[in-house]
Every structure is written in structure tokens, then in C-alpha cells.
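Participant: Before I ask anything, here is the structure I am working with.
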Amino acid sequence: MRVGGRLVVGQLRVQEIARGDGRVCYTIMDTDCTLVAEADGFLRTCAAGTDRTYAYVLVDHLRWLRFAGVTVESVSLEDLRHYMAALGAHYPGPFGLPWREGKRPYGHSALKTAAACLKGFYLHLGTHGVNPALAEVLRTTRLPTRADRRRAMLGHVLHSMPANPLAPAERVRRHPKMLPEDARDLLLGALSCARDRMVVTWLADGGFRIGELCGLRLVDLHLREQAACGQCRGPHVHICHRENNTNRARVKTKTPWTWQDNTVCGGTVRRASPAMIPPTSNTSPPSTPPRPLTACSWSACTAPPEVSRGPPQRPAACCAGPQPVVRSDGWSRTPAGTASPQQCWTPHGATR
């Protein structure tokens, strides 16, 4: 069995399950290709997108349990702290044999994700009568902070907040991470394709996550004044969570949205800057076609009409940077200036 391009023999592994409606789920398989019931039951309770992240965190933890010689029934809070220390968390003392040799330790955000996954996993097991003592220890609380009270609807009546004893200490970031002022111009000058320039412009001006950008469809783009949705007067974009995108792009913030009168309503609404809107009508994204074939495809530009545009751009490909595109028939992507942004918005075979 190959997972992530490498051969996995005699190890727990993450199994991807592609359903008929386009949704993708994740579970964990044992070394004998049987289902790990404890992990599968927990992953079924996770939302779409979270199940993939937690599956890979959980499979590493289950491998460590066998490496350390403990089980989910006998593991203690101190054992979990040893595991977090092996991942890279601060721990005042020895924590056993080294784990993940030759790999970089987890960063602060990854440690918080792992701590949340472990707490949720063992709380789920506790509700089914597995290791209830550990589940009770993980149900700790703390006093609310001023920020907690401001975020809550009735913050003035808060008396306690849930806490995670496995999570690392919070870091106070005084200034948000931002690109240097000339980074955008340097990126645009180094790109050789209209599609890549559009990606940089939309990420910078719209504040999109990469999954939000790659999950856009033509029906989500209301780039004209007084759109039919009536939710924003100016040009704007609707960010909608869908689980059947052909490029498997998912929106992290799952704001409800609906399809009314052939128009997308709801979701997260973002205003579109003038740079995001092409100056002429022949370079703007086309209006909604009469058929529901409206997936936004970050495919290669300037392909001949008789040549297929290929599958949509995946989020990982955008994060890795622009890649040269060469087809089997010899056609390749042309330099900058020969393709219009209109050719970047390519309908792909996905339903609404």
C-alpha cells in the first residue's frame, strides 16, 4: 500500500474514502487492513475538512501508543504530555525514547491542533466508557479572560471556559504577519502566466485562504453593480463551502448558503477590489451559463479550443508556486501578455 507516494508496510495508515456524491471522508486502517473502530467513530463526528487534519494527527498518535507500549484504555495524562513533548512541546524533564527522528518538531499552531485532536478523541472515548478517568482529567476549565468576555454574546455572565491541559502556552503576537510592501510587485513581475497573476492579485486584495480561492465557481462571482443576490451593492464574491469540488478545495469557515432563483445567496461575502475586476467586458469572468457547469478552474491558459483545459488547480499547487504546464500533445503555457484573465476562468465538469 502506497500512502503519500511512499510504501507503508506493517503500519497504521489513513484511508481516503471517495463517496459517490463527490464527498471525501477519512478513516484509519490497521496493519491487517481492518478498521480501527475507536478512531473511525471519532472521525465520523468531525466536520468536513477537520476529519482529514485529525486523521493524520491521530494516526501518528496511535503509532506512538504502540511504540510506547500503551493502549487507549491505559494511557494517562502524563503519557499524553510525553507524546506532546516528543512532537516538540516544552516539557520540563525526560519524556522517553525519541519520536519522529529526522523530522522537524511541530510549530505552535500544529501543537495546538494536535492537542485539540487528542482531547476530542479521548473525550469521545470517555462517552463510550473507554478510559473515563482520562476523560475526566481532560475536562478542565479556566477563568475567562477579557478577550473571552468580548467574544461571547453574554460575556458578562461567563464564569469559566474550557481548557486543554495538553495545549502549549499562548503566544502574544503584537503585530500580525504581513508581507513586505514590495512583495506583491516582485511576485507579479516574476510570474509568466495570467492565471498565476490572478491568483496573487485575488489572494492579496480579497484576503482569501487558498482553499477559498481554489473552491470558487463562476456562480460565486458577482462582479457587477447591483447583483441579483441583493447582499452587497458593489462587486463582491460569495465564499461557499462545498464538498464535491473536483479539485477537493474546501472552505474552512462553513457559513450557510443557498441557491435561490439561479443566484448564490449567503456564504461569506467579500468585496472585490478594482484590481480584481478586469477593465473590459471581454476579460471579465462570463455570466452564469444556462447549464450548471460552473466550476472555477485554475487551468493552463491559451489552450486551443479543441484541447481540453485539464482538471482544476488544487490548493497545494498554488502554495507550491507556479509550475510549467506541458501537455502530451506538445502544447505548453505561453509567456505573460499572451493570455487574458478570461481564459483563466474555465468551466469544468462539476455541478452546482
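Matching residues to (1) in contact (Cβ under 8 Å) with a residue 12 or more places away in the chain; (2) not in a loop (DSSP other than H, G, I, E, B):
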{"site": "198", "(1), (2)": "yes, yes"}
{"site": "202", "(1), (2)": "yes, yes"}
{"site": "219", "(1), (2)": "yes, yes"}
{"site": "227", "(1), (2)": "yes, no"}
{"site": "233", "(1), (2)": "no, no"}
{"site": "245", "(1), (2)": "yes, no"}
{"site": "258", "(1), (2)": "no, yes"}
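Participant: If residue 58 passes every condition in (1) closer than 17 Å to residue 123 by Cα; (2) free of Cβ contacts under 8 Å to residues at least 12 places away in the same chain but one, which one does it miss?
Facilitator: With respect to (1) closer than 17 Å to residue 123 by Cα; (2) free of Cβ contacts under 8 Å to residues at least 12 places away in the same chain, residue 58 is out only on (2).
Participant: When the stretch 214-259 is examined, which residues are found to be of a type in the set (A, V, I, L, M) and in contact with a helix residue (DSSP H, G or I) (Cβ under 9 Å, 6 or more places away or on another chain)?
Facilitator: Answer for the stretch 214-259, where residues must be of a type in the set (A, V, I, L, M) and in contact with a helix residue (DSSP H, G or I) (Cβ under 9 Å, 6 or more places away or on another chain): 216, 223, 237, 239, 249, 251.
Participant: From the set of residues in the stretch 140-175 that are surrounded by 13 or more Cβ atoms within 10 Å (Cβ to Cβ) and of a type in the set (D, E, K, R), which is nearest to residue 109 (Cα to Cα)?
Facilitator: Applying the filter and picking the extreme gives 148.
Participant: Could you check the stretch 16-45 and list, in sequence order, the residues that are touching a helix residue (DSSP H, G or I) at 6+ places or on another chain (Cβ under 9 Å) and either assigned by TED's automatic domain parsing to the domain that holds residue 209 or in contact (Cβ under 8 Å) with a residue 40 or more places away in the chain (or both)?
Facilitator: Selection gives 24, 38, 39, 41, 42, 45.
Participant: I would also like to ask the following. Out of everything in the stretch 249-272 that is of a type in the set (A, V, I, L, M) and in contact with a strand residue (DSSP E or B) (Cβ under 6 Å, 6 or more places away or on another chain), what residue ends up being nearest to residue 47 (Cα to Cα)?
Facilitator: From the stretch 249-272, those of a type in the set (A, V, I, L, M) are 249, 251, 264, 269, 272; that's our starting set.
Applying the additional criterion that residues be in contact with a strand residue (DSSP E or B) (Cβ under 6 Å, 6 or more places away or on another chain) yields 251, 264, 269, 272.
Details: 251: 12, 264: 23, 269: 22, 272: 29 Å.
Taking the candidates together, the pick is 251.
Participant: May I ask you to list the residues in the stretch 108-139 that are under 27 Å from the mean Cα position of the chain (by Cα), under 19 Å from residue 64 (Cα atoms) and either of a type outside the set (A, V, I, L, M, F, W, C) or assigned to a loop (DSSP other than H, G, I, E, B) (or both)?
Facilitator: Answer for the stretch 108-139, where residues must be under 27 Å from the mean Cα position of the chain (by Cα), under 19 Å from residue 64 (Cα atoms) and either of a type outside the set (A, V, I, L, M, F, W, C) or assigned to a loop (DSSP other than H, G, I, E, B) (or both): 112, 113, 119, 120, 122.
Participant: What number of residues within the stretch 222-272 are modelled with pLDDT under 90, charged (D, E, K, R) and either within 22 Å of the chain's Cα centre (by Cα) or closer than 30 Å to residue 26 by Cβ (or both)?
Facilitator: Count: 6.
Participant: Within the stretch 141-156, identify whether any single residue is touching a residue at least 12 places away in the same chain (Cβ under 8 Å), under 22 Å from residue 89 (Cα atoms) and of a type in the set (Val, Ile, Thr), and answer yes or no.
Facilitator: Among the residues of the stretch 141-156, at least one is touching a residue at least 12 places away in the same chain (Cβ under 8 Å), under 22 Å from residue 89 (Cα atoms) and of a type in the set (Val, Ile, Thr), which makes the answer yes.
Participant: Given the residues 71, 113, 27, which is the only one that is over 21 Å from residue 169 (Cα atoms), out of contact with any strand residue (DSSP E or B) (no Cβ under 8 Å at 6 or more places or on another chain) and either among the hydroxyl-bearing types (Ser, Thr, Tyr) or crowded, with 19+ Cβ neighbours inside 10 Å (or both)?
Facilitator: 71
Participant: Residue by residue through the stretch 205-214, note down the ones that are without any contact (Cβ under 8 Å) to a residue 60 or more places away in the chain and assigned to a loop (DSSP other than H, G, I, E, B). Lay out the reasoning, then the answer.
Facilitator: Kept after step one, since they are without any contact (Cβ under 8 Å) to a residue 60 or more places away in the chain, are these residues of the stretch 205-214: 209, 212.
Hit for the stretch 205-214 is 209, nothing else.
Participant: Another one. Looking only at the stretch 116-136, which residues are surrounded by fewer than 15 Cβ atoms within 10 Å (Cβ to Cβ) and either at negative phi or in contact with a strand residue (DSSP E or B) (Cβ under 8 Å, 6 or more places away or on another chain) (or both)? Steps first, please.
Facilitator: Taking the stretch 116-136 first, the residues surrounded by fewer than 15 Cβ atoms within 10 Å (Cβ to Cβ) are 127-129, 132-133, 136.
Those that are surrounded by fewer than 15 Cβ atoms within 10 Å (Cβ to Cβ) and either at negative phi or in contact with a strand residue (DSSP E or B) (Cβ under 8 Å, 6 or more places away or on another chain) (or both): 127, 128, 132, 133, 136.
Participant: I would also like to ask the following. Which of the numbered conditions does residue 106 fail, given that it passes all the others? Conditions: (1) modelled with pLDDT under 95; (2) surrounded by fewer than 17 Cβ atoms within 10 Å (Cβ to Cβ).
Facilitator: Here residue 106 clears every test but (2).
Participant: For the stretch 140-155, indicate whether the set of residues that are in contact with a Ser or Thr (Cβ under 8 Å, 6 or more places away or on another chain) and among the aliphatic types (A, V, I, L, M) is non-empty. Steps first, please.
Facilitator: Of all residues in the stretch 140-155, those in contact with a Ser or Thr (Cβ under 8 Å, 6 or more places away or on another chain) come to 141-144.
Applying the additional criterion that residues be among the aliphatic types (A, V, I, L, M) yields 143.
Yes: one or more hits.
The values are calculated or read from the model by the stated rules, or taken from the named source; none is laboratory data. The shown structure was predicted, so the numbers you read here are calculated from the model rather than taken from an experiment. Every residue, glycine among them, receives a Cβ derived from its backbone with ideal geometry; neighbour counts consider all protein chains shown.
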